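Participant: Take a look at the following structure, please.
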Amino acid sequence: MLELVLFYIFAAIAVISAIMVITRHNVVHSAAFLGATLFAVAGIFLTLRAEFLAGVQVIVYVGGILVLFVFVIMLIAVERSVHERQYNRQWTIALVTSAILIAEIVYGLYRGKDSLSLPPVVPPAAAAAAGNSEQVGTALYTSYLLPFEIASILLLVAIVGAVVLSKKKTPAEE
Amino acid sequence: MVTTFHYLLLAAALFTIGIIGVLTRRNIMIILMSIELMMNAVNINLIAFSNRLQQVTGQVFAIFVITVAAAEAAVGLGIVIAMFKNKETMNINEIDLMKW
C-alpha cells in the first residue's frame with residue numbers, strides 16, 4: 001500500500017515537472033523543473049530497490065549534468081530568448097504525431113500486459129545476502145568489464161570534444 | 001500493488017513528453033533537456049525489468065545510459081556555446097548553415 005502511494009507521488013511529480021520543463025518560457029525555470037523531475041525519478045528508483053542507481057541519479061544527473069546546463073544558461077543571454085516565439089510552426093503536427101505514438105505504446109503495453117506477469121522470480125541466496133551496490137559492482141567489474149572500459153573511453157572523448165568545441169581559437173589558428 | 005506495467009506506463013509518458021519537447025520547442029537548451037527526459041524514461045524501463053527479473057544487468061545498463069547522457073550533455077552544451085559565439089542565438093530556426 002505504502003509502495004503504491006509512494007509510486008503515485010513520485011510519478012505525479014515526475015510527469016508534472018516534465019510537462020513544466022517543456023512549456024516554460026524562461027530556460028532557468030525549465031532547468032529547475034528538470035531538477036524536480038530527476039529527483040522524482042531517483043525516488044522511483046528507490047521504490048524499485050535500486051539504491052545505488054538512485055544515488056548515481058542524484059549525484060551524476062542533478063549534481064553534474066543539471067549544473068552543467070545551469071552554467072551554460074548563465075554564460076548565454078537568456079533575456080532575449082524569453083521574448084522570442086517559443087514554439088515551432090509545425091507544433092500541431094508534432095502533437096498529433098506524439099499522440100499517435102503514446103496511443104501505440106499504451107495499446108501495445110496493454111495488449112502485452114499478460115506477458116509481464118511472469119511467475120515470481122526467487123533471487124539466488126547469495127544475491128539476496130549481498131547489498132544492491134555490491135551486486136551492481138560485481139556485475140560491472142566482472143561480466144561487463146569491457147563495456148565499462150569502453151564507457152570510460154567514451155567519456156574521455158566527450159571531454160576532449162567539449163573542450164575543442166568551446167575553446168577560443170589561438171591567433172596562430174586563425 | 002505496483003506492477004511492472006505501472007512503471008512502463010510512467011516511462012512511456014515521460015518519453016512522449018520528451019519527444020513533444022524536441023519536436024515543438026525552438027530553444028536549443030530545452031531541446032537538450034527533453035533528450036535528458038527521454039533517457040530517464042529509458043532508465044526507468046531498464047530498472048523496472050531489473051527489479052522484475054531480480055537481475056542486476058538492467059541496472060548496469062542504466063549506468064551506461066547515464067554515462068552516455070553525461071557525454072552527450074558535455075558535447076551538446078559545447079556545441080551550444082560554439083553556436084552562440086558565432087550566431088548569438090539559441091533559436092534553432094536561425095541555425096540553417098547546412099540546409100540547402
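The values are calculated or read from the model by the stated rules, or taken from the named source; none is laboratory data. Since the model is a prediction, treat every value here as computed from it, not as a measurement. All Cβ positions, glycine included, derive from the backbone under ideal geometry; neighbour counts span all protein chains shown.
Participant: Of the conditions (1) facing another protein chain (nearest Cβ under 7 Å); (2) over 24 Å from A:Val27 (Cβ atoms), B:Leu37 satisfies every one except a single condition; which number is it?
Facilitator: Failed condition: (2).
Matching residues to (1) surrounded by fewer than 22 Cβ atoms within 10 Å (Cβ to Cβ); (2) in a loop (DSSP other than H, G, I, E, B); (3) among the β-branched types (Val, Ile, Thr):
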position	(1), (2), (3)
B:Ala11	no, no, no
B:Val22	yes, no, yes
B:Ile30	no, no, yes
B:Ile44	no, no, yes
B:Ala48	no, no, no
B:Asn51	yes, no, no
B:Phe64	yes, no, no
B:Leu77	no, no, no
B:Lys99	yes, yes, no
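Participant: A follow-up question, please. Is there a residue in the range A:129-148 that is assigned to a helix (DSSP H, G or I) and at pLDDT below 80? Don't jump to the end; show me each part of the working.
Facilitator: Within the range A:129-148, the first condition is being assigned to a helix (DSSP H, G or I), and the residues that meet it are A:129, A:132-141, A:145-148.
Remaining after also requiring at pLDDT below 80: A:129.
Within the range A:129-148 (the criterion being assigned to a helix (DSSP H, G or I) and at pLDDT below 80), the answer is yes, since at least one residue qualifies.
Participant: Here is a follow-up. Of the residues that sit in the range A:69-88 and are without any contact (Cβ under 8 Å) to a residue 24 or more places away in the chain, at the interface with another protein chain (Cβ under 7 Å from one of its Cβ atoms) and in a loop (DSSP other than H, G, I, E, B), which one is surrounded by the most Cβ atoms within 10 Å (Cβ to Cβ)? Talk me through it step by step, then tell me what you get.
Facilitator: Here is the first cut: in the range A:69-88, the residues without any contact (Cβ under 8 Å) to a residue 24 or more places away in the chain are A:71-72, A:74-77, A:79-80, A:83-85, A:87-88.
After this cut, where a residue has to be at the interface with another protein chain (Cβ under 7 Å from one of its Cβ atoms) as well, the list is A:72, A:75-76, A:84-85, A:87-88.
After this cut, where a residue has to be in a loop (DSSP other than H, G, I, E, B) as well, the list is A:76, A:84-85, A:88.
Working: A:Ile76: 20, A:Glu84: 14, A:Arg85: 9, A:Asn88: 15.
Looking at the filtered set, the residue picked out is A:Ile76.
Participant: If you don't mind, there's one more thing I want to ask. Sort out which residues of the range B:58-100 are of a type outside the set (A, V, I, L, M, F, W, C) and under 14 Å from the mean Cα position of the chain (by Cα), and write them in order of number.
Facilitator: Restricting attention to the range B:58-100, the residues satisfying the condition of being of a type outside the set (A, V, I, L, M, F, W, C) are B:58-59, B:67, B:72, B:76, B:78, B:85-89, B:91, B:93-94, B:96, B:99.
Scanning the range B:58-100 gives B:Thr67, B:Glu72, B:Gly76.
Participant: For the range A:1-46, which positions are closer than 23 Å to B:Thr4 by Cβ, among the β-branched types (Val, Ile, Thr) and surrounded by 22 or more Cβ atoms within 10 Å (Cβ to Cβ)?
Facilitator: Those that are closer than 23 Å to B:Thr4 by Cβ, among the β-branched types (Val, Ile, Thr) and surrounded by 22 or more Cβ atoms within 10 Å (Cβ to Cβ): A:Thr37, A:Val41, A:Ile44.
Participant: Can you tell me which residues in the range A:47-68 are among the aromatic types (Phe, Trp, Tyr) and crowded, with 24+ Cβ neighbours inside 10 Å? It would help to see each step written out before you state the result.
Facilitator: Pass one, the range A:47-68, residues among the aromatic types (Phe, Trp, Tyr): A:52, A:61.
Once the filter is applied, which keeps residues that are among the aromatic types (Phe, Trp, Tyr) and crowded, with 24+ Cβ neighbours inside 10 Å, the range A:47-68 yields only A:Tyr61.
Participant: Give the residues of the range A:47-91 that are more than 30 Å from B:Tyr7 (Cβ to Cβ) and either hydrophobic (A, V, I, L, M, F, W, C) or at pLDDT 90 or above (or both), sorted by residue number.
Facilitator: Initial filter on the range A:47-91 (more than 30 Å from B:Tyr7 (Cβ to Cβ)): A:71-90.
A:Phe71, A:Val72, A:Ile73, A:Met74, A:Leu75, A:Ile76, A:Ala77, A:Val78, A:Val82, listed by residue number.
Participant: Also, I was wondering about something else. Name the one entry in A:Ser115, A:Ser30, A:Ser17 that is in a helix (DSSP H, G or I), facing chain B (nearest Cβ under 7 Å) and among the polar types (S, T, N, Q).
Facilitator: After applying the criteria, what remains is A:Ser30.
Participant: Here's something else I'd like to know. Being closer than 30 Å to B:Lys87 by Cβ, outside the structural domain of A:Glu134 (by TED's automatic domain parsing) and in contact with a His (Cβ under 6 Å, 6 or more places away or on another chain) narrows it down to one residue among A:Val27, A:Val82; which is it?
Facilitator: On the way: A:Val27 fails: in contact with a His (Cβ under 6 Å, 6 or more places away or on another chain).
Selected residue: A:Val82, the only one of A:Val27, A:Val82 that is closer than 30 Å to B:Lys87 by Cβ, outside the structural domain of A:Glu134 (by TED's automatic domain parsing) and in contact with a His (Cβ under 6 Å, 6 or more places away or on another chain).
Participant: Could you check, for the range A:89-103, whether at least one of its residues is of a type in the set (S, T, N, Q), touching a helix residue (DSSP H, G or I) at 6+ places or on another chain (Cβ under 6 Å) and more than 7 Å from chain B (Cβ to nearest Cβ)?
Facilitator: Taking the range A:89-103 as the starting set, the residues that turn out to be of a type in the set (S, T, N, Q) are A:90, A:92, A:97-98.
Of the ones still in play, those that are also touching a helix residue (DSSP H, G or I) at 6+ places or on another chain (Cβ under 6 Å) are A:98.
Now drop any that are not more than 7 Å from chain B (Cβ to nearest Cβ), which leaves none.
The answer is no; no qualifying residue exists.
Participant: Where residues in the range B:51-67 are more than 7 Å from chain A (Cβ to nearest Cβ) and in contact with a Leu (Cβ under 9 Å, 6 or more places away or on another chain), which of them is modelled with the lowest pLDDT?
Facilitator: Residues of the range B:51-67 that are more than 7 Å from chain A (Cβ to nearest Cβ), as a first pass: B:52, B:55, B:58, B:61, B:65.
Filter again for in contact with a Leu (Cβ under 9 Å, 6 or more places away or on another chain), leaving B:52, B:58, B:61, B:65.
Working: B:Arg52: 86, B:Gly58: 91, B:Phe61: 94, B:Val65: 94.
In this case the residue turns out to be B:Arg52.
Participant: Tell me which residues, restricted to the range A:89-101, are among the β-branched types (Val, Ile, Thr) and either closer than 27 Å to A:Asn26 by Cβ or assigned to a loop (DSSP other than H, G, I, E, B) (or both).
Facilitator: Taking the range A:89-101 as the starting set, the residues that turn out to be among the β-branched types (Val, Ile, Thr) are A:92-93, A:96-97, A:100.
Listed by number, the residues that qualify are A:Thr92, A:Ile93, A:Thr97.
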